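K.L.:
Before I ask anything, let me first share the structure, which is written out below as structure tokens.
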Amino acid sequence: MTWRYKTLSNPTKPLAGWRVLVPRGGPWGDHVAADLRSRGAQPIVAPMINFAATDNAPALDAALAHLADGDFDWMTITSATTVDVLSSHRAVVAPGTRIAAVGETTAAALVAAGYRVDLVPAEDNSARGLLAEWEAATQGVVPLRILTLRSEIAKPLLTEGLRRIGHEVESVVAYRTIGVPVDPRVVADVAAGKVQALLVTSGSVAEQVQEQFGPVPETTLVACIGPRTAKDAAAVGLRVDLVAEAPSAEALIEALSHFAELR
């Protein structure tokens, strides 16, 4: 059975005794691990994916040069990792180019990196949500010159949708997502049912969970960061037990805490 919970606030430690696998490292993983500890859990930070440079660096370099020259009316950003790519390339966004972020997390990463944000979907933080609000946000102006930066494995939903509307879209791969082997001891603990919950934060993570841990023991809760990730997880055959309503780490941990309180 799949559970969905809204965000709650609980001052106790509902996750006491829980070992929870955090599938990403870096600042995000550290933040999530700290939040889990504050609720009594023992986090296991085991990065399952990493990001590598695009296979077509010349195309990315050319696109960023055009971006600096003001050749685009808009640029769309669909992940915080893409923001990291912009920062690492010291990308310059021309004053006349507007930036659309797929959600609040990506928007926050852009602001933290020193970029402005002109559009964030108000309802659905996804490519589909951005498409749904695009015409209203741009006053129906067609065609616009748009740069869409994406992961190698990202579905071209946004690019194709913008082209259908009539815009001139240049779609460029900014980075590749690669799997990272988990420590064999962690794999053994999951197989033995010694991990109470696995956090699934993206479709790429879901693929790695299924590949490296599948089939996940029934006693281990598989918790997805939002409906989109849950759908991607189900598509690769991963069992989904818990879905946070909002695609954020905070909502995911609240949902997990709520679930633990009810057990």
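The values are calculated or read from the model by the stated rules, or taken from the named source; none is laboratory data. Predicted, not measured: the structure shown is a model, and the values here were computed from it. Every residue, glycine among them, receives a Cβ derived from its backbone with ideal geometry; neighbour counts consider all protein chains shown. Remember, those area values only see protein heavy atoms, side chains included, never the ligands or the DNA or RNA. Shrake-Rupley method; radii C 1.70, N 1.55, O 1.52, S 1.80 Å.
K.L.:
Give the Rg (one decimal place) followed by the Dmax (whole number) of region 52-179, computed from C-alpha coordinates and expressed in Å.
P.N.:
For region 52-179, the Cα radius of gyration and maximum Cα-Cα distance read 13.3, 41 Å.
K.L.:
Under the 0.36 nm per residue contour assumption, what length would be gained going from the current alpha-carbon distance of ALA34 and ALA65 to full extension?
P.N.:
7.2 nm
K.L.:
So, one more: Of ILE165, ILE49, which has the most accessible area and how do the rest follow, probe 1.4 Å?
P.N.:
Solvent-accessible surface, decreasing: ILE165, ILE49.
K.L.:
Please give the peptides 62-70, 181-189 ranked by average Cβ packing (other Cβ atoms within 10 Å per residue), highest first, as a rough proxy for protection.
P.N.:
Descending packing order for the listed peptides: 62-70, 181-189.
K.L.:
Net charge near ALA197, counting Lys/Arg +1 and Asp/Glu -1 over other residues with Cβ under 12 Å of its Cβ?
P.N.:
After counting each charged neighbour, the total is +3.
K.L.:
May I ask you to compute the full-extension gain from VAL141 to SER88, defined as 0.36 nm times their residue separation minus their alpha-carbon distance, rounded to one decimal in nm?
P.N.:
So the extension gain works out to 15.9 nm.
K.L.:
Moving on to the next point. Determine, from the Cβ-Cβ distance of VAL236 and GLU133 and an R0 of 30 Å, the FRET efficiency 1/(1 + (r/R0)^6), rounded to the nearest 0.05.
P.N.:
0.55
K.L.:
Quick one: longest stretch of the chain between exposed loop GluC sites (Glu not before Pro), exposed meaning at most 12 other C-beta atoms within 10 Å and loop per DSSP?
P.N.:
Segment 1-122 is the longest.
K.L.:
Related question: Give the accessible surface of the chain per residue, rounded to a whole number of Å², with probe radius 1.4 Å and ligands, DNA and RNA excluded.
P.N.:
47 Å²
K.L.:
Restricting to bridges with both residues inside the chain, how much of the DSSP beta-bridge set is antiparallel, in percent to the nearest 5?
P.N.:
So the antiparallel bridges in the chain amount to around 15 percent.
K.L.:
Still on this structure: Rounded to the nearest 10 Å², what accessible area does LYS155 have for a 1.4 Å probe in the complete protein model?
P.N.:
Roughly 140 Å² of LYS155 is accessible to a 1.4 Å probe.
K.L.:
Another one. What are the extents of the Cα atoms of the chain along their three principal axes, in Å, largest first?
P.N.:
55, 35, 32
K.L.:
Further question: How much accessible surface area, in Å² rounded to 10, belongs to the heavy atoms of HIS31 with a 1.4 Å probe?
P.N.:
In the full protein context, HIS31 sits at about 100 Å².
K.L.:
How would region 17-99 be classified by its alpha-carbon gyration tensor: rounded, prolate or oblate, with rounded meaning a/c under 1.5 and the a/b versus b/c comparison settling the rest?
P.N.:
prolate
K.L.:
With angles folded into 0 to 90 degrees, how steeply does helix 203-213 sit against the dominant principal axis of the chain? Use alpha carbons for both and round to 10.
P.N.:
30 degrees
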